[in-house]
1. Take the Cβ-Cβ distance between Ser103 and Lys66 as r, set R0 to 35 Å, and report the resulting FRET efficiency rounded to the nearest 0.05.
2. Stretch Glu280-Ser227 to full length: gain in nm at 0.36 nm per residue minus the Cα-Cα span?
3. To the nearest 20 debye, what charge dipole does the stretch 1-151 have about its Cα centre, counting +1 at the Cβ of each Lys and Arg and -1 at the Cβ of each Asp and Glu?
4. Please say if the stretch 244-309 is rounded, prolate or oblate, where rounded means a/c under 1.5 for a ≥ b ≥ c the square roots of the C-alpha gyration tensor eigenvalues, and otherwise the choice is prolate for a/b larger than b/c and oblate otherwise?
5. Which residues' amide hydrogens lie under 5 Å from the amide hydrogen of Val290, considering only partners 5 or more residues apart or on another chain, with H built in the peptide plane?
6. What is the Cα centroid distance between the stretch 162-193 and the stretch 1-57, reported in whole angstrom?
7. As an exercise, use a Förster radius of 22 Å and the Cβ-Cβ distance of Glu301 and Lys79 to find the FRET efficiency, rounded to the nearest 0.05.
8. Note down the magnitude of the dipole of the stretch 1-63 about its Cα centre, charges +1 on Lys and Arg C-beta and -1 on Asp and Glu C-beta and zero elsewhere, to the nearest 20 debye.
Amino acid sequence: MDREILLSKIKGGLFGCALGDAIGELAFRYRDRESLETKIYRLDTLVYTDDTAMALGLAESLARKKDVDPEDIGDTFAKNFYSEPWRGYASGPPTIFSMVRNSKLSYVDAARTLFGGSGSYGNGATMRIVPVGLFFSNSDQIYEKAAASAEVTHAHSVGKDGAAIQAMAIALAFNMRPGDDFDPLEFIEKLEKAARTEEIKNRLSLLKILVRKDVPPSEAIKKIGRSVAVHESMPFSLYSFLKFPEDFKKCLYCAVLHGGDRDTLGAMACSIAGSYLGIENLPAKWLLKVENRNYIDTLAEELARAKGILD
Ligand code: F2R
Ligand code: MG
């Protein structure tokens, strides 16, 4: 693929995350397609939440360090959190930032103390992973790099596995041409083989059955789940993408209009969809409303430069 297409996919991934997140957050109040679309139309700005704030933090660190540097990622997340604490963070990450600020612990060691010492299996490391999937799209180290970025806040094996599998889904989508026929079952099988925990593996094999049987979203969500636990929400996001790979809006509505952790379901599904479709296939009128869009655009170019796509 030429550089222009690859850059478009990097922008698509970051803006996909922001759109899915911001519109998913609105879907907590506007719960059907018509009222949600009307609300989007009336708004001047689509405001994203912690999902995108952390994805941007990860992109900032990757663009600067050209690798996963856990302490730099943690410092970047913390700096961004303290300047915008109102973005809707769950309790885990801010607890870690505060522990590191007030002790000599590393982020990874602080993250290990959460939830009685098991670490978090929340979807927070997965919702932000799009820059890692894009940056390491051709690396055989993608699983390890994603897991290392996850561990800064999510020490639980399922929290790390979910993030690594989502990064691989983003990389697969990035490496396919939109419009190419692809086999969704093969897509899931690749991820299923790479998964390292029973929780994620089992949900992916369930997903394969649901996709094979063409089970509708309202039934699929009941079987998969939709909570902040990564082994529920990440597979449903994947379902939303695989059900509507060529249609960004349909993928987004599928992810955010079936209840549960709507902003994060949207961020995860649309990170994959945007990385597949590229920015020109995302709704232009919505893109104009994304908060901080010039900054996101510049950051996408910095990430592309760090990846060697742009001079
Ligand atoms: N849910 C939110 N925000 C709610 C907070 C709202 C805020 N206070 C406000 O009013 O503005 N959104 C964000 O949270 C999700 C990502 O969460 P993350 O980063 O994974 O957080 P955490 O705290 O690590 O885990 C979330 C919950 O998962 C359960 N959990 C995780 N690990 C567990 C374990 N080992 N044992 C038991 N439970 C575990 C807990 O219930 C955690 O609270 C995204 O939706 C993001 O947008
Ligand atoms: Mg959020």
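Quick note: the coordinates plus some simple rules give every number you see, no bench work behind them. Just so we're clear, the structure is a prediction, and the values are computed from it rather than from any experiment. Methodologically, a virtual Cβ is constructed for each residue, glycine included, from the backbone with ideal geometry; neighbour enumeration extends over all protein chains shown.
1. Working: r = 29 Å, r/R0 = 0.83.
Given R0 = 35 Å and the Cβ-Cβ separation, E is 0.75.
2. Numbers: separation 53, 0.36 × 53 = 19.08 nm, distance 3.13 nm.
Contour length minus the Cα-Cα distance gives 15.9 nm.
3. Numbers: 18 positive and 21 negative charges, 45 e Å.
In debye, rounded to 20, the stretch 1-151 gives about 220.
4. Working: a/c = 1.88, a/b = 1.75, b/c = 1.07.
Verdict is prolate for the stretch 244-309.
5. Leu46
6. The stretch 162-193 and the stretch 1-57 have Cα centres spaced 21 Å from each other.
7. Working: r = 21 Å, r/R0 = 0.97.
Given R0 = 22 Å and the Cβ-Cβ separation, E is 0.55.
8. On the way: 8 positive and 11 negative charges, 27 e Å.
My answer is approximately 120 debye.
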